[in-house]
Structure formats: structure tokens, C-alpha cells
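Attaching a single structure in C-alpha cells format; questions to follow.
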Amino acid sequence: MNNQKPLRQRLRSAGLLFMLLLFPITLNYFSPYLIIMGASEGVINGSFLVFSGMFLVSLFFGRAWCGWICPAGALGEVCQPINNKAVSGKKIDWIKWLIWVPWIALISIVVIGAGGYKKVNFLYGTVNGISVAGTVDRPILFAYIIYYGVILIFSILSLTVGRRAGCHTVCWMAPFMIIGRKISNWLHLPALRLDAEPEKCTRCNTCTSNCPMSLDVTAMVQRGKMENTECILCGNCIDGCRTKAIRYKITSITT
């Protein structure tokens, strides 16, 4: 019996692994702390630009970043063979907003206090572009503490709570893409989405079992409404469906 993943999922796993291996270099470009430090000096830093990019891309590709190239998401999927428990998303999805809203408010207050943004420095807080590196002002031990702290938080959540629990609870990046997707839907912009043909569905629940975000995909297919703020467009439901009831489609949302 061939248990090999479909090609698309192997490519997706490879992309996630590659980004995870690059994490010591790229960590600061996702930093919720450095964006505050930059704001206090009137500097638009790497994380500001990356988060802005996530928002803009989400207008047309939703949360595909989370499903295909997010290093934190990669950690969640690395832990999945150890704890494959489905996460009851509706009970915990709100937690990330309790983190995100005060954080955005703090950034706004700090940058106003600094007199606004005055310059752009993508490499702010890095050493020649590398995040986990030491400087005179910041010993390399401190950089590693931050790095392993992030690794531990996302890993422990996945190992104890279940599939991609960090994405549901503490991810400060997801709200940018959720808001972008909602704006895209409101404007009826053409974007990459899941599309379903309910009449082809046999209710085998394979799609639901395969969903790394623990969504009830079968119910979504039956309703013919595939939009969900926690969907990361990973394509697991598409590649696991024997009857081809689910597919990708570039379209505007219908009401």
C-alpha cells in the first residue's frame, strides 16, 4: 500500500521545513518586539514590512502563508505525529485577538510618541541580516533565548493541546491575514479559495481528519460554503478527497 503523500503536500512540507531551517536568520522579520522598538525610534523595520506584506497578500491568497511557508506553522506540523488531537478552535481562536489588539495599540502609542515613522531599515535589529547573532549591546545568548523561547511556545502548545494549537492561540501574525481576507470578501475581490461540489461528497470525513487546523471540512462541503477564517489553504482536503469534491478556485466570494 502506498502511503506517500501527494506531490503537492510533499512540496508544501518541503517549503515549511525550509522556512523552519531559515528561522534563525528570519526570526527578527516576524518579531512582535522589534516592531515596537523600531516604532520607538521612528523606524519602519523588517517585521513592519513583513506584516504589511502578509496583509496585502492575504487580499488575494488568504492565509496561504500559514499553510505553505510559516516557520511557526511548520513547528506545529512537525509535532502533529506526536499529538494529532483535533483542536476545538471556536473555544480558543479568540485568544490571539487578546494578544494582537493591545499589541497594535501599543505600537500606535509608541510611534505617535516618537513623532511618527521617519525612516525605513529592513535589517533593523539584525547582524548583517541574521537574527540569531550577538552584538556588543545584545549578547548572542539573549538572541538564542528569544529563538528557543518561540520554538518552545509553539512546540509545547502543539504537543499538549493539539494540531497547530499555536496558530489558534498565540500567533500574532494570523490576525493581519484574517482581517485582509475579510476586507477581500467585503470588496468581492477575486482570490484563491476552496470550492466544493456537495453532490460529490460521500461524507467519509477524510477531509476533516486531514485538516491541520481541525476544521469540520465535511460540514463546510455539505453547506457548499468553504470560507473559514482559520483555513490556511493547505490543500490537504483537496488532495485527500477520493471523489474530487473539493478544489482550488480563483473567484470572488458570493453571498
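Laboratory data are not the source of any read-out in this text; all were calculated from the coordinates shown. Being a predicted model, the structure only gives us computed values, none of them experimental. A quick note on method: Cβ atoms are made from the backbone with ideal geometry, for glycine too, and the neighbour counts reach across all protein chains shown.
Would you calculate the convex hull of the Cα atoms in segment 102-246 and tell me its volume per residue in Å³?
Residue-normalised Cα hull volume stands at 179 Å³.
Also, I was wondering about something else. For segment 7-177, go through all pairs of different Cα atoms, get the mean of 1/r, take its inverse, and jot down that Kirkwood value in Å.
16.9 Å
Describe numerically, in nm with one decimal, the distance between label points set 7 Å from Cα along Cα→Cβ at Thr202 and at Leu123.
Output for this residue pair reads 5.7 nm.
For helix 95-113, what angle does its Cα long axis make with the longest principal axis of the chain, in degrees from 0 to 90 and rounded to 10?
The helix 95-113 is inclined about 30 degrees to the chain.
Can you give the FRET efficiency to the nearest 0.05 for Lys85 and Gln222, using r as the Cβ-Cβ distance and R₀ = 25 Å? Before the final figure, lay out each step's value.
Numbers: r = 24 Å, r/R0 = 0.95.
Approximately 0.60, to the nearest 0.05.
Report the extension gain between Asp195 and Ile92 in nm, rounded to one decimal, defined as 0.36 nm multiplied by the number of residues separating them, less their alpha carbon distance.
Net length gain for the segment: 34.4 nm.
Quick one: compute the contact order of segment 183-251, relative version, from alpha carbon pairs under 8 angstrom and 6+ residues apart, as a percent.
About 47 percent, as a whole number.
Is there a quick way to get the dipole size of the chain? I mean about its Cα centre, with the Cβ of Lys and Arg at +1 and of Asp and Glu at -1; what is the value in debye to the nearest 20? Please list the in-between numbers first.
Working: 25 positive and 11 negative charges, 135 e Å.
The dipole magnitude comes to about 640 debye.
Between beta-carbons, use under 13 Å as the cut-off and find the net charge around Arg193, counting Lys and Arg +1, Asp and Glu -1.
Charge balance near Arg193 sits at +3.
Can you pull the one-decimal nm distance between simple spin-label points at Leu187 and Leu7, each 7 Å off the Cα toward Cβ?
So the label points at Leu187 and Leu7 sit 3.4 nm apart.
Suppose only helical runs count, i.e. DSSP H with n ≥ 4. What mean residue ellipticity at 222 nm does that imply for the chain under -39500 (n - 2.57) per run, divided by all residues and rounded to the nearest 500 deg cm²/dmol?
Details: 14 runs with 136 residues, N = 255.
That calculation yields -15500 deg cm²/dmol at 222 nm.
Expressed as an acute angle from 0 to 90° and rounded to the nearest 10, what is the orientation of the C-alpha long axis of helix 46-61 relative to the principal long axis of the chain?
It works out to around 20 degrees.
If the elastic network links every pair of Cα atoms under 10 Å, which of Ala64, Ala105, Ala143 fluctuates the most in the Gaussian network model of the chain?
Of the options given, Ala105 has the highest mean-square fluctuation.
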